[in-house]
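The values are calculated or read from the model by the stated rules, or taken from the named source; none is laboratory data. Just so you know, these numbers come straight off a predicted model, no measurement behind them. So basically every Cβ, Gly included, is an ideal-geometry build from the backbone, and we count neighbours across all protein chains shown.
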């Protein structure tokens, strides 16, 4: 579905991503791990068109997208949910969801998508007439993901979906991510919550200083002694 080949991305003179290559297959969860400042968010922004790579290529369903503007990439079916969520606080849950279905393809399937997101997030159905600013942190994260799903993505990219959430809420969010995959959506996820991310990952990569330094199946990396020592504080 998505093929990233030897991309290099800069912020000014600062070389952030260095020769990054990987593939996301259909109905697959791919996870990138790493500390803050090592290029995880930059990777997602480069794929969705917020930043253009200096060299390398990105193809989605066989079409080159590394020189396309973000709105064209969204229309093709890649949806990016940023760490900041960017909800409209004074609009209701339902109004935020409606804004997610703004493009022509999404409008045609709006009622189907409503049912899908309310099935995945029953709390949002209960809160549909409340302003987004009244939601808890976990509910706000659910709304951000649900609004992305209203656009009908083939590939959903999530930036730190567990950030700032209580452990019980994190578990619920990750259960929903697995359910989204079962509904036919591929997922590219960047995280610092290593345990949850690796438990659901089909493939996982570790980024350090903008380079891939480790890769493998999620559960295999969960057993790796370096992962245990540096990311899970286990010996």
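Could you check segment 37-49 and list, in sequence order, the residues that are outside any helix (DSSP H, G or I) and within 10 Å of residue 68 (Cα to Cα)?
Restricting attention to segment 37-49, the residues satisfying the condition of being outside any helix (DSSP H, G or I) are 37-39, 49.
Listed by number, the list holds a single entry, 49.
May I ask you to verify whether residue 29 is surrounded by 21 or more Cβ atoms within 10 Å (Cβ to Cβ), in contact with a strand residue (DSSP E or B) (Cβ under 9 Å, 6 or more places away or on another chain) and assigned by TED's automatic domain parsing to the domain that holds residue 230? Step through it out loud before you land on a result.
Working: surrounded by 21 or more Cβ atoms within 10 Å (Cβ to Cβ): yes; in contact with a strand residue (DSSP E or B) (Cβ under 9 Å, 6 or more places away or on another chain): yes; assigned by TED's automatic domain parsing to the domain that holds residue 230: yes.
So residue 29 passes the test.
Which of (1) surrounded by fewer than 14 Cβ atoms within 10 Å (Cβ to Cβ); (2) modelled with pLDDT under 95; (3) in contact with a strand residue (DSSP E or B) (Cβ under 9 Å, 6 or more places away or on another chain) does residue 40 not meet, given it meets every other one?
So the condition that residue 40 fails would be (1).
Do we find that residue 189 is buried (at least 16 other Cβ atoms within 10 Å of the Cβ) and in the same structural domain as residue 47 (by TED's automatic domain parsing) in this structure?
Numbers: buried (at least 16 other Cβ atoms within 10 Å of the Cβ): yes; in the same structural domain as residue 47 (by TED's automatic domain parsing): yes.
When the stated conditions are applied, residue 189 passes them.
Considering only residues that are at pLDDT 95 or above and over 24 Å from residue 161 (Cα atoms), look in segment 11-35 and name the one that is farthest from the chain's Cα centre (by Cα).
15
Would you mind telling me which numbered condition in (1) closer than 18 Å to residue 157 by Cα; (2) under 19 Å from the mean Cα position of the chain (by Cα); (3) surrounded by 15 or more Cβ atoms within 10 Å (Cβ to Cβ) residue 68 fails?
(2)
Just name the residue that is farthest from residue 148 (Cα to Cα) out of those in segment 48-65 that are surrounded by 15 or more Cβ atoms within 10 Å (Cβ to Cβ) and out of contact with any helix residue (DSSP H, G or I) (no Cβ under 8 Å at 6 or more places or on another chain).
At the first step, the residues of segment 48-65 found to be surrounded by 15 or more Cβ atoms within 10 Å (Cβ to Cβ) are 48-53, 56-60, 65.
Filter once more, so that each one left must be out of contact with any helix residue (DSSP H, G or I) (no Cβ under 8 Å at 6 or more places or on another chain): 56-57, 59.
Details: 56: 27, 57: 25, 59: 21 Å.
My answer is 56.
Find the residue count for segment 14-26, including only residues that are closer than 23 Å to residue 179 by Cα and surrounded by fewer than 21 Cβ atoms within 10 Å (Cβ to Cβ). Give the derivation first.
Of all residues in segment 14-26, those closer than 23 Å to residue 179 by Cα come to 23-26.
Checking which are surrounded by fewer than 21 Cβ atoms within 10 Å (Cβ to Cβ) leaves us with 23, 25-26.
Total satisfying the criteria: 3.
Of all residues in segment 92-111, which are in contact with a helix residue (DSSP H, G or I) (Cβ under 6 Å, 6 or more places away or on another chain) and modelled with pLDDT of 90 or more?
93, 96, 97
Taking the conditions exactly as written (outside the structural domain of residue 21 (by TED's automatic domain parsing), out of contact with any helix residue (DSSP H, G or I) (no Cβ under 6 Å at 6 or more places or on another chain) and under 30 Å from residue 225 (Cα atoms)), does residue 175 satisfy them or not?
Values: outside the structural domain of residue 21 (by TED's automatic domain parsing): yes; out of contact with any helix residue (DSSP H, G or I) (no Cβ under 6 Å at 6 or more places or on another chain): yes; under 30 Å from residue 225 (Cα atoms): yes.
It is true that residue 175 is outside the structural domain of residue 21 (by TED's automatic domain parsing), out of contact with any helix residue (DSSP H, G or I) (no Cβ under 6 Å at 6 or more places or on another chain) and under 30 Å from residue 225 (Cα atoms).
So how many residues does segment 144-155 have that are farther than 18 Å from residue 98 by Cα and in contact with a strand residue (DSSP E or B) (Cβ under 6 Å, 6 or more places away or on another chain)?
Of segment 144-155, the ones farther than 18 Å from residue 98 by Cα are 154-155.
Among the residues that remain, those that are also in contact with a strand residue (DSSP E or B) (Cβ under 6 Å, 6 or more places away or on another chain) are: 155.
So the count comes out to 1.
If I go through segment 153-172 residue by residue, how many of them are under 14 Å from the mean Cα position of the chain (by Cα) and surrounded by 19 or more Cβ atoms within 10 Å (Cβ to Cβ)? Steps first, please.
First pass over segment 153-172, keeping only residues under 14 Å from the mean Cα position of the chain (by Cα): 153-163.
From what is left, the residues that are surrounded by 19 or more Cβ atoms within 10 Å (Cβ to Cβ) are 153, 155-162.
Number of matching residues: 9.
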